[in-house]
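Can you read through this structure? Questions will come right after.
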Amino acid sequence: MTTPVTPVTPATPAVPGTGPLSRLVALVHTLLVVEALLLLAASPGAAALLLLGADASNLPLVAVCLLPVGPALSAALYALHRRGRDLADLHPARAYWRGYRLNTCAVLRLWAPLSAWLAVIAFTLTHFALTGLPGWYALLLAGIGGASLLWGAHALVLASLFAFRTRDTARLAAHFLRHGRATLAAASPLVLAFGLAVLFGEALPALLAAPLLLSLLHGSRPVITETAKDFTA
């Protein structure tokens with residue numbers, strides 16, 4: 001009597017581009033491409049900054065030079081938010097330029113007044129001895145400047161990922177500013193960037209802008225989720 005032979009089921013081959021190493025490579029590739037494009041998009045303002053002296057009287061001009069940085073950061077957030085983890089489906093450059101085209105006008109309507117406002121605060125603080133105001137006023141101004149930066153971080157994320165009217169984005173950013181957890185998460189990359197700039201110069205935070213923005217995006221997940229759930233159709 002012949003014994004039946006049990007067929008051997010071949011092992012399912014691993015799908016390329018789904019393992020931990022592939023995901024890591026995809027992340028690094030995306031960060032490098034986004035970082036390079038961010039620096040390229042912000043280069044007109046950066047080149048102008050190099051021509052300015054380190055004098056506090058140049059702060060209004062610094063605000064003007066920083067205008068290209070807003071759309072560059074926004075496009076980076078857009079590309080990082082839509083990044084793929086599969087090596088066979090990576091298009092960070094395409095996503096970056098799409099985000100740049102979609103968001104430049106909306107972001108500038110928020111970024112320009114914010115830059116001007118922060119320049120006024122910085123100019124006042126650097127010339128505070130001439131104002132004759134009490135010392136506690138300087139602390140108040142510094143606190144307002146910090147709150148404005150945090151509001152700007154929320155507004156940048158919202159304007160990069162959603163198509164709201166400018167005033168609605170501003171209101172939503174102010175709304176989320178009162179959420180302690182989300183605001184603390186937004187503060188972390190800002191504090192890290194400031195610390196790196198103080199310790200190693202402004203070039204290092206610029207070179208690490210993509211990882212810092214990825215950290216901001218990760219910390220803004222509650223903001224993104226709540227906005228998509230409660231404020232979009």
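The values are calculated or read from the model by the stated rules, or taken from the named source; none is laboratory data. Predicted model only: the values in this text are computed from it and were never measured. Glycine gets a Cβ as well: all are built from the backbone with ideal geometry, and neighbour counts include every protein chain shown. Please note that ligands, DNA and RNA were not included when accessible areas were found on the heavy atoms of the full protein model with its side chains. Shrake-Rupley method; radii C 1.70, N 1.55, O 1.52, S 1.80 Å.
Please go through (1) open to solvent by 20 Å² or more (accessible area, probe 1.4 Å); (2) modelled with pLDDT of 95 or more; (3) under 17 Å from Val223 (Cα atoms) for Leu108 and return the number of the only condition it doesn't satisfy.
Every listed condition holds for Leu108 apart from (3).
Take the stretch 162-207 and flag every residue that is at pLDDT below 90, assigned to a helix (DSSP H, G or I) and open to solvent by 40 Å² or more (accessible area, probe 1.4 Å).
If the condition is that a residue be at pLDDT below 90, assigned to a helix (DSSP H, G or I) and open to solvent by 40 Å² or more (accessible area, probe 1.4 Å), then Gly180, Arg181, Val198, Ala203 are the ones that fit.
Taking the stated definitions as given, is Val25 surrounded by fewer than 17 Cβ atoms within 10 Å (Cβ to Cβ), at pLDDT below 95 and in contact with a Leu (Cβ under 9 Å, 6 or more places away or on another chain)?
yes
Determine which member of the set Val69, Val64 is open to solvent by less than 80 Å² (accessible area, probe 1.4 Å) and free of Cβ contacts under 8 Å to residues at least 60 places away in the same chain.
That would be Val69, the only listed residue that is open to solvent by less than 80 Å² (accessible area, probe 1.4 Å) and free of Cβ contacts under 8 Å to residues at least 60 places away in the same chain.
Identify all residues within the stretch 36-56 that are more than 30 Å from Ile224 (Cβ to Cβ), in contact (Cβ under 8 Å) with a residue 40 or more places away in the chain and open to solvent by 40 Å² or more (accessible area, probe 1.4 Å); write none if there are none. Show your work before the answer.
At the first step, the residues of the stretch 36-56 found to be more than 30 Å from Ile224 (Cβ to Cβ) are 47-56.
The next check asks that each one be in contact (Cβ under 8 Å) with a residue 40 or more places away in the chain; those that pass are 56.
Across the stretch 36-56, there are no qualifying residues.
Just checking, which of Leu80, Leu141 is assigned to a helix (DSSP H, G or I), closer than 30 Å to Val25 by Cα and modelled with pLDDT of 90 or more?
Numbers: Leu141 fails: closer than 30 Å to Val25 by Cα.
From the options Leu80, Leu141, the qualifying one is Leu80.
Return the only residue of Thr166, Thr183 being touching a residue at least 40 places away in the same chain (Cβ under 8 Å) and of a type in the set (Ser, Thr, Tyr).
Thr166
Give me a count of the residues in the stretch 117-143 that are surrounded by fewer than 13 Cβ atoms within 10 Å (Cβ to Cβ) and not small (Gly, Ala, Ser).
Of the residues in that region, 7 qualify.
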